[in-house]
Structure formats: structure tokens, C-alpha cells
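The values are calculated or read from the model by the stated rules, or taken from the named source; none is laboratory data. Small disclaimer: the values here were computed from a predicted structure and weren't measured. As a convention, Cβ positions derive from the backbone with ideal geometry for all residues, glycine included, and neighbour counts pool all protein chains shown. In case anyone asks, the SASA skips ligands and DNA or RNA and just uses the protein heavy atoms, side chains included. Shrake-Rupley method; radii C 1.70, N 1.55, O 1.52, S 1.80 Å.
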Amino acid sequence: MKVLEKFDEALKNGYIKAYFQPLTRSVSGKVCGAEALARWEDPDEGIISPAEFIGILEENRLIHKLDLAILENVCKFYKKSKFKDLTFSVNLSRLDFKETDMFAEITEIMSEYDVPASAISLEITESTMLGDYEVTHKLFNKFHDAGYKIWLDDFGSGFSSLNILRNYEFDVLKIDMSLLRNFDTRSQKIIASIINMAKMLGTHTLSEGVETDEQRDFLRDNGCEILQGFYFSKPINEEEFTSYLEANTSETKDEHKYWSDVGKVNFLSGDPLSSTDISPSDNEKNDFGVAPLAFIEYDGKKITYPYVNKAYIEQVKKIGYSSVDAMEEIANSEDFEYYKRFMQQIEATINRGGIFRMDNIINDVVYTFTTKLVASGGNKHMIAATVHTISSEKSNYLILKHNKSLYATYDLVTEINPDKDSAIQIFSNSGFSKIYGTSSLRKGIVEFASNEIHPDDKERYLAFFDIDTLKSRISIYIQDSFRVKKYGGDGYIQKNIRISKLDNKKYLYTIQSV
Ligand code: C2E
Ligand code: MG
Ligand code: MG
């Protein structure tokens, strides 16, 4: 192939084209965009792949012409296509920035075709950042300020310097397909760690080169948000891509924002809803330390579970539900014994924000149901949820589970041990924003007083709960009433708080409605 001889003519005649490879949202299965990949359709030689001409064009300082031509192709397609909510990524070579003022060139093409910057992501590789830090940084800011997204391509293929992630902010990290090619436990651990790291940095993740069911499932279950590869489609020309879009559901702009928010949830964290509150015991984690996680969507009418991981299913099996369908059915049925209670928590989570935690007893199993609002769009709300069935510490209190009136009577039951400065929450019925006192009882008391007790009652509460004098003050129990924050809304309600002696070391702390 005589690349250099034929290049100008090929450009002029439109032989060099953008092919499109769909990008698919892992959890929803909807198409959210496409990567534009260059293909040279030579009249004599047929379709020529980039491997045959990219290198030569780079060596001869012509690559920017190709990249701008591909962008122009994408813009033309965008302008005439009815799929205006999709985003397209184009590949840029590090040499582009050396040859010409890429920002000016790109802006010109975009305005010529009237394409919003939000529709275009720029894929760059590490090598782009080898030059002057200040210059590159300024350039990135310029693109970001103008509304373009910057994606780091082929992460994990070259040197993958972590300094690059420290120094630059990328919107998406594209995990190189070489990590998927030999899909063994070691690569899986590396991929999981990359996703975990990206989430901690607030960067979205995309995996390229997805070819099998196994890879798709693994990536989705570990929280990789976007998938690309032959499993979904190879790069296809404009007409084929249009048919593909007609045959597959694609994301709207609102859904794009919504799912990007959902994507921030770290599937791999011991506690995906917050990093500091609780951590599940080891036996609740699977090989990769994944905690039970489900996404629950509520549109004001119906509850659906768009995503439920294995660990979550394992937990709900213990209370008698073994499939997502069974959970959806029960969650939407007013005959469900705890329907009102469940919906109350869902609505409180949506209305009040923050983390909600409730203990429930279903089929004689005590479990904690924790929820957090992660995204809202239109009338839809996505809630991340985790469940933990009773831990061994709580099993001392299994007697409580036979007492269904517990729901009506107690807001909170916690066992405290002042000598050990520890607390074990047995039962919570009030959706307090967190479990208090797990690391230190003393700290928990102060936090509870600040977060949940009316400011005018705070001092009295702290005196009531003074650890240093507690033992000498209690022979059977002490009790007083305080204003405690209302569940799921603003304001306070008068509650009786009692500390009862269990033995010489342990006490039971209970909150009851007056
Ligand atoms: P890339 O940007 O990492 O693009 C992904 C490559 O992986 C594409 O190869 C694509 O066809 C291929 N691929 C996608 N899914 C799968 C899969 O499931 N399995 C396997 N084995 N391969 C898959 P392609 O189109 O041959 O492009 C190769 C490289 O050439 C690109 O890697 C990119 O670095 C470069 N390139 C392509 N188009 C352009 C362009 O317009 N400008 C510049 N500067 N570089 C381009
Ligand atoms: Mg690429
Ligand atoms: Mg790549």
C-alpha cells in the first residue's frame, strides 16, 4: 500500500472514513455512544486497517490531517443523524498537537457542522503527556472548559504511569484490551483494581475488547460502566451503524447524566454506599471483596431492580427470595407484609438524601437494609441498596425477632459496653443516618447528640449518657425523654431513652416513642 502517494487523493475523495464501534452501558445494556475508528476504503485494495497507515502518517507528520478528517466525518454523521444524544469519541495522536493548533482546528470543524462539544470525547494516549506538563495541562483545560471530554486510551498497555492519573483529570479511563486477552484470575484482579482506583479518583471506566459473556459479566459486576468490543459489534460503517442504532435501544441525554451518576457507586468497596460507615464481615465478601449491592429504581409507581450482584442475592436468599424477579414482585405488591415499611424507606431516601438504614425481620431473619439515593432524572430515582443479615453478635438477641411488636415499640436497641468503649446495634427502626458508636462508644454518643438530638436537649442528653458516672447511676435502669430527629423528615419527636443494666459490663440502650 503506497500510503504517502495515495493519502492526499484518498482524503480528497473521501476514501478515508470513520467507522463506528458502539459503546454500551454495562448495567442498562443501552448504547451510549461510539468510537470513531479510521478505515481507508481503497478502490483497488479494499478496506485498509489503521495499522497499515497510522504509523506511516505519524512518521511523516501527516496524522493530524487524518484525525481532523475523521472528526469531520463524525460531525457530518452527527448532523444528519437523528441520534443526537449519543457521544462520539475520536482518537488523537500526540503528534497532532505538535503539528497544528488542534483546539482551533477542532473548534472550526465543530462550528461548521454545528455539533456541541458535549457530543465529542477526545481519546488520547499516555504519550501525549510526555511533553511539557504546563503546556499539556493548559491545553486540557482549554478543551475541558469548551465542553469536550478527555478520555485516556489504552490504559494498562504501555507504561501506564500512575503519575499521569495523579497529574491529569480524565473523564474516562479506557482499560486496554490486552488485559482481557488472557482473562485469568491475575488479570481479573488487576482490572478490578483499576476500576476501584478510577472510582476513587472520580473517573469513569470503559473496557475495550470485550468478546465474551464471561468478560461482560465480570466487568459489569465490578462496576465498569461502559463496554466496547466484538461482543457487541465490530467497527461498522455509517449505514450499518444507523441500522444498529435502530435495532438497539440507545440512551437519551438525561439517561446519560443519570447513569453517569449511578456509575460513581463503587461496586468494589466493602461498603459501596459510603466508605466509612460499616464494613461487612469477611464471609459476606466474595473473592474480590464485593459487598452486596443492588440498584433499585423507582419512578413514583413501580419498583425495579436494574442491577443486583451475586452477594446481594446470597443475602436475600436467607430471607427467602432467590431471584431478581421474586424481589421485584414482592416489592410492588401491597400484600407484602412489609410493603409500607419498604416504601417508606424508599421515599424517605429519595426525599431526604443521605444514607438510610433500617432493620427488618422477614421470615424470622433479622437484616439491615441500607439505602442511598445515587441519581435522579425526570421522575426516576436510582437508589443503591445493600443488605446484611444478622451478625453473630446480634444473635444473642434472636429472641427479639419473635417479637413483631418490636417494630411498633422500639426505635433503636443497642447493646453498650462502657468499659470496652463499644456498642453493638441490635435493632434500628428509625433510619438514623448511620450506626453510632461502632468504633468508639464515647465518640458515638457525641455524634448522636449532635446529629439526632434537638440542640436544646443536647447538653442534658450528654449528661444523661455520661460514661464516667453511668455505672454508679444505674441499678436497674435510668430513663429520660428527649427530642429526637424525625424519621424521613424535618423536625423532632419526643422520645423516651432508657439505659438498662444487663450485667456488670453490658447495658441496653433503647429509644421508644412516648
Ligand atoms: P484503539 O483506539 O485502542 O481502538 C481499538 C481497536 O481495537 C480498534 O482497532 C478496534 O477495531 C479494535 N477492537 C475493538 N473491539 C475489539 C475486540 O473485541 N477484540 C479485538 N481483538 N479488537 C477489538 P483498529 O480500528 O484497527 O484501530 C487500531 C488503533 O489505531 C486504534 O486503537 C487507534 O489507536 C488507532 N486509530 C484508529 N483510528 C484512528 C484515528 O482516526 N486517528 C488516530 N490517531 N488513531 C487511530
Ligand atoms: Mg481509541
Ligand atoms: Mg484503545
- Query: Which chymotrypsin sites (Phe, Trp or Tyr not before Pro) in the range 315-384 pass both tests, a DSSP loop state and at most 16 other beta-carbon atoms within 10 Å?
  - Reply: Phe336
- Computed on Cα atoms, Rg of the chain relative to 2.2 N^0.38 Å comes out at 1.20
- Relative to the longest principal axis of the C-alpha atoms of the chain, give the angle of the C-alpha long axis of helix 102-113, reported between 0 and 90° and rounded to the nearest 10°. 90 degrees
- Query: For Asp145 and Arg341, what is the calculated FRET efficiency with R₀ set at 60 Å and r taken between the beta-carbons, to the nearest 0.05?
  - Reply: 0.80
- Query: What percent antiparallel are the DSSP beta bridges of the range 3-257, to the nearest 5?
  - Reply: 40 percent
- Task: Round to a whole angstrom and tell me the spacing of the C-alpha centers of the range 134-163 and the range 455-514.
- Result: 54 Å
- FRET efficiency (Asp101, Lys486; Cβ distance; R0 60 Å; to 0.05) is 0.50
- Task: Kindly rank 16-27, 443-454, 476-487 from highest to lowest mean number of other beta carbons found within 10 Å of each residue.
- Result: 16-27, 443-454, 476-487
- Taking the Cα centre of the range 3-257 as the origin, how large is its charge dipole in debye, to the nearest 20, when only Lys and Arg (+1) and Asp and Glu (-1) carry charge on their Cβ atoms? 780 debye
- Task: Counting only DSSP beta bridges with both residues in the chain, tell me the antiparallel percent, nearest 5.
- Result: 75 percent
- Message: Run the numbers for Lys80 and Arg498: contour at 0.36 nm per residue of separation, minus the present Cα-Cα distance, in nm.
- Response: 143.5 nm
- Message: Quick check on the range 132-177: take the gyration tensor over C-alpha atoms, sort the square-rooted eigenvalues as a ≥ b ≥ c, and tell me if it's rounded (a/c under 1.5), prolate or oblate.
- Response: oblate
- Flagged links, alpha-carbon separation over 25 Å, of Lys317/Lys372; Lys2/Lys149; Lys340/Lys486: Lys2/Lys149
- Rank Gly209, Thr185, Asn163 by how far each Cα sits towards the positive end of the charge dipole of the range 151-237 (+1 on Lys, Arg Cβ; -1 on Asp, Glu Cβ) and give me just the farthest. Asn163
- Note on the structure: Under 20 Å by backbone N from the virtual spin label 7 Å along Cα-to-Cβ at Lys505, the residues of the range 421-443 are 421-426, 437-443
- Item | Spatially proximal aspartates and glutamates relative to Lys495 (Cα-Cα < 17 Å; intrachain offsets below 8 disregarded) | Asp411, Glu452, Asp456, Asp457, Glu459, Asp480
- Query: So what is the accessible area of the range 404-513 per residue, in Å², with the probe set to 1.4 Å?
  - Reply: 47 Å²
- Quick one: compute the contact order of the chain, relative version, from alpha carbon pairs under 8 angstrom and 6+ residues apart, as a percent. 9 percent
- Within 10 Å, count the other beta carbons around each residue, average over each peptide in 138-149, 117-128, 219-230, 252-263, and list them highest first. 219-230, 117-128, 252-263, 138-149
- Item | Per-residue HN-Hα couplings for the range 330-347 [Karplus 6.51, -1.76, 1.60; θ = phi - 60°; Hz; x = Gly/Pro] | 5, 5, 9, 9, 5, 6, 4, 3, 9, 3, 4, 5, 5, 5, 4, 5, 4, 5
- Item | Extension gain from Gln479 to Glu459, taking 0.36 nm per residue of separation minus the Cα-Cα distance | 5.7 nm
